[in-house]
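Engineer: One structure, as C-alpha coordinates, below. Some questions next.
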Amino acid sequence: MDILGIDIGTVSVKYLRVRGKGTIISRGEYPHKGGWEDLNFVLTDIKDKEGTDVEIAIAVSSQDILKRACSIPIMPTDEAKEAIEWSASKFVTTPLEDMIYENIMLGEINERGMQKEEVLFVGANKEYINILLSIFETVGFRRIITITDSGILYLPIIAEKKEGTVAVVDIGGRQTGIYIFNDKRLRFMREILTASESFIDALMSEFDLSYDEAEQYAIEKGFNEESKNILSFPLDRLTSEVQRTFNVYARKYPEKPVGKVYITGRASRIPNLVSRIQDAFIEEVELLTSPFDIEEHFLPSYALCMV
(Lines give C-alpha, C1' and ligand atoms only; values in the text may rest on other atoms or scores of the structure.)
Protein backbone atom coordinates (compact mmCIF):
# COMPACT_ATOMS: atom_id res chain seq x y z
CA MET A 1 0.00 0.00 0.00
CA ASP A 2 1.23 3.52 -0.81
CA ILE A 3 2.31 5.79 2.03
CA LEU A 4 1.56 9.51 2.33
CA GLY A 5 4.22 11.33 4.31
CA ILE A 6 2.61 14.54 5.56
CA ASP A 7 4.94 17.15 7.08
CA ILE A 8 2.95 19.78 9.03
CA GLY A 9 5.22 22.79 9.40
CA THR A 10 4.62 26.13 11.06
CA VAL A 11 3.69 27.93 7.81
CA SER A 12 3.23 25.15 5.25
CA VAL A 13 2.11 21.55 4.84
CA LYS A 14 4.09 19.31 2.49
CA TYR A 15 3.37 15.76 1.42
CA LEU A 16 4.78 12.98 -0.71
CA ARG A 17 3.15 9.79 -1.89
CA VAL A 18 5.63 6.91 -2.03
CA ARG A 19 5.15 3.41 -3.40
CA GLY A 20 7.17 0.30 -2.68
CA LYS A 21 10.86 0.83 -1.93
CA GLY A 22 10.86 4.57 -2.56
CA THR A 23 9.14 5.37 -5.83
CA ILE A 24 7.65 8.88 -5.60
CA ILE A 25 4.18 9.01 -7.10
CA SER A 26 3.08 12.55 -6.28
CA ARG A 27 3.78 15.52 -4.04
CA GLY A 28 2.24 18.81 -2.95
CA GLU A 29 2.76 21.87 -0.79
CA TYR A 30 0.18 24.17 0.81
CA PRO A 31 0.42 27.42 2.79
CA HIS A 32 -0.66 26.74 6.38
CA LYS A 33 -1.99 29.61 8.46
CA GLY A 34 -2.13 27.51 11.61
CA GLY A 35 -5.19 26.31 13.47
CA TRP A 36 -7.27 23.19 13.13
CA GLU A 37 -9.73 24.62 10.62
CA ASP A 38 -6.98 25.49 8.15
CA LEU A 39 -5.37 22.08 8.59
CA ASN A 40 -8.73 20.42 7.90
CA PHE A 41 -8.99 22.40 4.65
CA VAL A 42 -5.49 21.34 3.55
CA LEU A 43 -6.03 17.66 4.41
CA THR A 44 -9.36 17.63 2.60
CA ASP A 45 -7.67 18.84 -0.56
CA ILE A 46 -4.92 16.21 -0.21
CA LYS A 47 -7.60 13.55 0.26
CA ASP A 48 -9.47 14.72 -2.84
CA LYS A 49 -6.25 14.36 -4.88
CA GLU A 50 -4.82 11.18 -3.39
CA GLY A 51 -7.81 9.26 -2.02
CA THR A 52 -7.87 7.42 1.31
CA ASP A 53 -6.56 4.00 0.35
CA VAL A 54 -3.13 4.88 1.74
CA GLU A 55 -1.16 4.68 4.96
CA ILE A 56 -0.45 7.99 6.66
CA ALA A 57 2.81 9.03 8.35
CA ILE A 58 2.74 12.43 10.06
CA ALA A 59 5.51 14.78 11.18
CA VAL A 60 4.63 17.90 13.16
CA SER A 61 6.57 21.07 13.96
CA SER A 62 4.70 22.85 16.72
CA GLN A 63 5.30 24.65 19.98
CA ASP A 64 2.63 22.34 21.40
CA ILE A 65 5.21 19.55 21.30
CA LEU A 66 7.58 19.69 24.25
CA LYS A 67 11.20 18.71 23.62
CA ARG A 68 13.57 18.80 26.55
CA ALA A 69 16.80 17.05 27.42
CA CYS A 70 17.54 15.64 30.85
CA SER A 71 20.19 13.35 32.31
CA ILE A 72 19.88 10.22 34.40
CA PRO A 73 22.39 7.86 36.02
CA ILE A 74 23.50 5.02 33.76
CA MET A 75 21.30 2.05 34.60
CA PRO A 76 19.58 -0.96 33.04
CA THR A 77 16.87 -0.18 30.49
CA ASP A 78 14.05 -1.54 32.67
CA GLU A 79 15.00 0.88 35.44
CA ALA A 80 15.67 3.89 33.19
CA LYS A 81 12.01 4.55 32.35
CA GLU A 82 11.13 5.36 35.95
CA ALA A 83 14.19 7.61 36.29
CA ILE A 84 13.31 9.48 33.07
CA GLU A 85 9.74 10.03 34.20
CA TRP A 86 10.96 11.35 37.55
CA SER A 87 13.31 13.79 35.77
CA ALA A 88 10.60 14.83 33.30
CA SER A 89 8.16 15.59 36.11
CA LYS A 90 10.47 18.46 37.14
CA PHE A 91 9.92 20.42 33.90
CA VAL A 92 6.61 19.09 32.54
CA THR A 93 3.65 21.08 33.85
CA THR A 94 1.07 18.57 32.58
CA PRO A 95 0.74 15.25 34.44
CA LEU A 96 2.55 12.57 32.48
CA GLU A 97 -0.57 10.40 32.41
CA ASP A 98 -2.20 13.16 30.35
CA MET A 99 0.60 13.15 27.77
CA ILE A 100 1.78 10.99 24.89
CA TYR A 101 5.58 10.93 24.89
CA GLU A 102 8.72 9.07 23.94
CA ASN A 103 12.28 9.13 25.21
CA ILE A 104 15.26 9.24 22.85
CA MET A 105 18.61 8.20 24.32
CA LEU A 106 21.22 10.73 23.17
CA GLY A 107 24.37 9.27 24.65
CA GLU A 108 26.68 9.31 27.64
CA ILE A 109 27.93 12.62 29.00
CA ASN A 110 30.22 13.67 31.83
CA GLU A 111 28.24 15.77 34.27
CA ARG A 112 30.22 17.20 37.19
CA GLY A 113 32.62 14.30 37.14
CA MET A 114 29.92 11.62 36.83
CA GLN A 115 29.05 9.62 33.72
CA LYS A 116 25.36 9.95 32.92
CA GLU A 117 22.98 9.17 30.09
CA GLU A 118 21.38 12.15 28.35
CA VAL A 119 17.78 11.65 27.26
CA LEU A 120 15.55 13.72 24.99
CA PHE A 121 11.95 13.83 26.21
CA VAL A 122 9.47 14.47 23.38
CA GLY A 123 5.82 14.72 24.32
CA ALA A 124 2.49 16.40 23.74
CA ASN A 125 -0.77 16.68 25.58
CA LYS A 126 -3.12 13.81 24.76
CA GLU A 127 -5.83 16.35 23.90
CA TYR A 128 -3.58 17.90 21.22
CA ILE A 129 -2.77 14.50 19.69
CA ASN A 130 -6.40 13.38 19.84
CA ILE A 131 -7.58 16.52 18.03
CA LEU A 132 -4.88 16.04 15.39
CA LEU A 133 -5.89 12.41 14.85
CA SER A 134 -9.58 13.27 14.77
CA ILE A 135 -9.03 15.76 11.94
CA PHE A 136 -7.24 13.14 9.85
CA GLU A 137 -9.97 10.59 10.60
CA THR A 138 -12.79 13.04 9.88
CA VAL A 139 -11.25 13.78 6.49
CA GLY A 140 -11.17 10.04 5.80
CA PHE A 141 -7.58 9.01 6.59
CA ARG A 142 -7.83 5.95 8.84
CA ARG A 143 -4.52 4.11 8.48
CA ILE A 144 -2.20 6.35 10.54
CA ILE A 145 1.06 4.52 11.18
CA THR A 146 3.43 7.21 12.48
CA ILE A 147 3.34 10.54 14.34
CA THR A 148 6.74 12.08 15.03
CA ASP A 149 8.75 15.28 15.18
CA SER A 150 10.07 16.65 11.90
CA GLY A 151 13.68 17.10 12.96
CA ILE A 152 14.31 13.48 13.89
CA LEU A 153 13.66 12.57 10.25
CA TYR A 154 16.99 14.06 9.16
CA LEU A 155 18.88 11.20 10.81
CA PRO A 156 18.66 8.68 7.92
CA ILE A 157 19.67 11.38 5.44
CA ILE A 158 22.69 12.47 7.49
CA ALA A 159 23.71 8.88 8.30
CA GLU A 160 24.26 8.26 4.58
CA LYS A 161 26.83 11.04 4.39
CA LYS A 162 29.25 9.43 6.91
CA GLU A 163 30.96 12.69 7.84
CA GLY A 164 31.39 12.42 11.60
CA THR A 165 29.55 14.97 13.72
CA VAL A 166 27.28 17.22 11.67
CA ALA A 167 24.54 19.71 12.44
CA VAL A 168 21.36 20.32 10.51
CA VAL A 169 19.95 23.83 10.92
CA ASP A 170 16.35 23.72 9.71
CA ILE A 171 15.26 27.36 9.34
CA GLY A 172 11.52 26.91 9.14
CA GLY A 173 8.70 29.40 8.97
CA ARG A 174 8.33 30.38 12.62
CA GLN A 175 11.02 28.34 14.34
CA THR A 176 14.47 26.96 13.63
CA GLY A 177 15.45 23.46 14.67
CA ILE A 178 19.11 22.74 15.39
CA TYR A 179 19.92 19.02 15.29
CA ILE A 180 23.37 17.52 15.92
CA PHE A 181 24.10 13.95 14.80
CA ASN A 182 27.00 11.59 15.35
CA ASP A 183 27.47 7.84 14.91
CA LYS A 184 24.00 7.51 13.36
CA ARG A 185 22.41 8.99 16.48
CA LEU A 186 20.77 12.27 17.36
CA ARG A 187 23.02 13.74 20.04
CA PHE A 188 21.57 17.18 20.69
CA MET A 189 18.69 19.37 19.61
CA ARG A 190 17.33 22.82 20.30
CA GLU A 191 14.63 25.05 18.83
CA ILE A 192 14.77 28.83 18.55
CA LEU A 193 12.22 31.37 17.35
CA THR A 194 14.44 33.30 14.92
CA ALA A 195 13.37 31.80 11.60
CA SER A 196 12.19 32.60 8.07
CA GLU A 197 9.52 35.05 9.24
CA SER A 198 12.20 37.05 11.08
CA PHE A 199 13.72 37.96 7.70
CA ILE A 200 10.30 38.70 6.22
CA ASP A 201 9.35 40.92 9.18
CA ALA A 202 12.56 42.93 8.74
CA LEU A 203 11.77 43.58 5.08
CA MET A 204 8.16 44.47 5.82
CA SER A 205 9.22 47.03 8.40
CA GLU A 206 12.02 48.61 6.38
CA PHE A 207 10.38 48.75 2.94
CA ASP A 208 6.72 49.01 3.98
CA LEU A 209 5.78 45.79 2.20
CA SER A 210 2.94 43.37 2.73
CA TYR A 211 3.80 39.89 4.01
CA ASP A 212 3.48 38.34 0.55
CA GLU A 213 5.55 41.12 -1.04
CA ALA A 214 8.28 40.76 1.57
CA GLU A 215 8.37 36.97 1.18
CA GLN A 216 8.65 37.30 -2.60
CA TYR A 217 11.41 39.88 -2.20
CA ALA A 218 13.35 37.59 0.15
CA ILE A 219 13.11 34.58 -2.17
CA GLU A 220 13.87 36.50 -5.37
CA LYS A 221 16.50 38.99 -4.21
CA GLY A 222 17.83 37.79 -0.88
CA PHE A 223 20.92 39.56 0.44
CA ASN A 224 21.44 42.19 -2.25
CA GLU A 225 22.97 45.66 -1.89
CA GLU A 226 19.62 47.15 -0.92
CA SER A 227 18.65 44.60 1.72
CA LYS A 228 21.83 43.08 3.13
CA ASN A 229 22.08 45.49 6.07
CA ILE A 230 18.41 45.04 6.99
CA LEU A 231 18.62 41.25 6.79
CA SER A 232 21.84 41.23 8.79
CA PHE A 233 19.93 41.90 12.03
CA PRO A 234 17.88 38.66 12.04
CA LEU A 235 20.84 36.80 10.55
CA ASP A 236 23.08 37.86 13.46
CA ARG A 237 20.43 36.70 15.95
CA LEU A 238 20.15 33.38 14.16
CA THR A 239 23.88 32.67 13.91
CA SER A 240 24.46 33.75 17.52
CA GLU A 241 21.85 31.30 18.77
CA VAL A 242 23.23 28.50 16.59
CA GLN A 243 26.76 29.19 17.84
CA ARG A 244 25.51 29.21 21.44
CA THR A 245 23.91 25.83 20.78
CA PHE A 246 27.18 24.46 19.43
CA ASN A 247 28.97 25.74 22.54
CA VAL A 248 26.53 23.96 24.86
CA TYR A 249 26.87 20.78 22.81
CA ALA A 250 30.69 21.01 22.93
CA ARG A 251 30.63 21.12 26.73
CA LYS A 252 28.62 17.91 26.76
CA TYR A 253 30.53 16.10 24.00
CA PRO A 254 34.00 17.72 23.82
CA GLU A 255 35.44 14.73 21.97
CA LYS A 256 32.87 14.97 19.14
CA PRO A 257 32.95 18.57 17.82
CA VAL A 258 30.67 19.67 15.00
CA GLY A 259 32.60 19.53 11.76
CA LYS A 260 29.98 20.46 9.22
CA VAL A 261 26.71 22.40 9.15
CA TYR A 262 23.88 21.73 6.73
CA ILE A 263 21.28 24.45 6.14
CA THR A 264 17.75 23.53 5.16
CA GLY A 265 14.18 24.71 5.67
CA ARG A 266 12.10 27.53 4.28
CA ALA A 267 14.70 30.28 4.67
CA SER A 268 17.36 28.24 2.89
CA ARG A 269 15.75 29.41 -0.36
CA ILE A 270 16.88 33.01 0.33
CA PRO A 271 19.70 33.85 -2.11
CA ASN A 272 23.15 34.26 -0.49
CA LEU A 273 21.88 33.17 2.94
CA VAL A 274 24.13 30.11 3.12
CA SER A 275 27.25 32.06 2.17
CA ARG A 276 26.44 34.71 4.79
CA ILE A 277 26.02 32.00 7.43
CA GLN A 278 29.36 30.50 6.37
CA ASP A 279 31.02 33.82 7.16
CA ALA A 280 29.90 33.46 10.79
CA PHE A 281 31.28 29.96 11.40
CA ILE A 282 34.62 28.17 11.30
CA GLU A 283 32.78 24.94 10.47
CA GLU A 284 32.05 24.15 6.83
CA VAL A 285 28.53 25.25 5.88
CA GLU A 286 26.52 24.13 2.89
CA LEU A 287 22.97 23.69 1.71
CA LEU A 288 21.45 20.30 2.51
CA THR A 289 20.74 18.79 -0.88
CA SER A 290 18.52 15.83 -1.55
CA PRO A 291 20.07 12.49 -2.52
CA PHE A 292 16.75 11.66 -4.15
CA ASP A 293 14.88 13.16 -7.09
CA ILE A 294 12.99 15.66 -4.92
CA GLU A 295 13.38 19.23 -3.72
CA GLU A 296 15.14 19.43 -0.35
CA HIS A 297 12.09 20.79 1.50
CA PHE A 298 10.35 17.48 0.79
CA LEU A 299 13.07 15.47 2.53
CA PRO A 300 11.19 15.08 5.85
CA SER A 301 8.10 13.88 3.96
CA TYR A 302 10.19 11.34 2.07
CA ALA A 303 11.94 10.13 5.24
CA LEU A 304 8.50 9.68 6.86
CA CYS A 305 7.55 7.23 4.15
CA MET A 306 10.76 5.25 4.58
CA VAL A 307 10.72 4.94 8.39
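The values are calculated or read from the model by the stated rules, or taken from the named source; none is laboratory data. Computed from a prediction, not measured in an experiment: that's the story for all the values here. Cβ placement follows ideal geometry from the backbone for every residue including glycine, while neighbour counts extend to all protein chains displayed. These area figures cover heavy atoms from the full protein model, side chains too; ligands, DNA and RNA do not enter into them. Shrake-Rupley method; radii C 1.70, N 1.55, O 1.52, S 1.80 Å.
Engineer: State the percentage of accessible surface on the chain attributable to carbon and sulfur atoms; use a 1.4 Å probe and exclude ligands, DNA and RNA.
Structural biologist: Details: 7240 of 14890 Å².
Carbon plus sulfur share of accessible area: 49 percent.
Engineer: Normalised by the residues of the stretch 9-51, what does the relative contact order come to in percent, with Cα pairs under 8 Å and at least six apart?
Structural biologist: Numbers: 42 pairs, mean separation 14.6, N = 43.
The value is 34 percent.
Engineer: Please give the per residue accessible area of the chain, computed with a probe of 1.4 Å over protein heavy atoms only, in Å². Can you show the working numbers first?
Structural biologist: Numbers: 14890 Å² over 307 residues.
Spelled out: the 1.4 Å probe surface of the chain, per residue, equals 48 Å².
Engineer: Under 25 Å Cα to Cα from residue 221, which lysines show up? Leave out anything in the same chain fewer than 8 places away.
Structural biologist: By straight Cα distance, residue 221 reaches 14, 33.
Engineer: With no solvent and one point on each alpha carbon, what is the Debye value of log10 I(q)/I(0) for the stretch 135-188 at q = 0.13, 0.22, 0.24, 0.25 Å⁻¹?
Structural biologist: Values, matching the q order: -0.45, -0.81, -0.89, -0.92.
Engineer: Just need log10 I(q)/I(0) for the chain at q = 0.09 Å⁻¹, Debye formula, equal scatterers on the alpha-carbon atoms, no solvent, rounded to two decimals.
Structural biologist: Here log10 of I(q) over I(0) equals -0.48.
Engineer: Do you know the relative contact order of the chain, to the nearest whole percent, from alpha carbon pairs under 8 angstrom that are 6+ apart?
Structural biologist: Details: 540 pairs, mean separation 57.3, N = 307.
Here the relative contact order equals 19 percent.
Engineer: Okay, moving on. Taking the Cα centre of each part, how many Å lie between the stretch 1-27 and the stretch 61-107?
Structural biologist: First find each Cα centre; the distance between them is then 29 Å.
Engineer: Under 26 Å from the Cα of residue 21, which lysines turn up, not counting those fewer than eight places away in the same chain?
Structural biologist: Cα-Cα hits under 26 Å: 47, 49, 161, 162, 184.
Engineer: List the trypsin sites (Lys or Arg not before Pro) within the stretch 115-175 that DSSP assigns to loop and that have no more than 10 neighbouring Cβ atoms inside 10 Å. Don't jump to the answer; show the numbers that get you there.
Structural biologist: On the way: sites: 116, 126, 142, 143, 161, 162, 174; in loops: 142, 161, 162, 174.
Loop-located and lightly packed - 162.
Engineer: Could you tell me which of rounded, prolate or oblate describes the stretch 223-307, using a ≥ b ≥ c as the square roots of the eigenvalues of the alpha-carbon gyration tensor, with rounded for a/c under 1.5 and, failing that, prolate when a/b is larger than b/c and oblate otherwise?
Structural biologist: Numbers: a/c = 2.25, a/b = 1.08, b/c = 2.08.
Oblate, since a/c reaches 1.5 and b/c is not below a/b.
Engineer: Continuing with this model, one more query. What trypsin sites (Lys or Arg not before Pro) in the stretch 19-93 are in a loop by DSSP, with at most 15 other Cβ atoms within 10 Å of the Cβ? Can you show the working numbers first?
Structural biologist: Details: sites: 19, 21, 27, 33, 47, 49, 67, 68, 81, 90; in loops: 21, 33, 90.
In loop regions of the stretch 19-93 (DSSP not H, G, I, E or B), the sparsely surrounded trypsin sites (Lys or Arg not before Pro) are 21, 33, 90.
Engineer: Tally the DSSP beta bridges in the chain and give the antiparallel ones as a percent, rounded to 5. If you can, show how the numbers build up before the last one.
Structural biologist: On the way: 48 of 69 bridges.
That works out to approximately 70 percent antiparallel.
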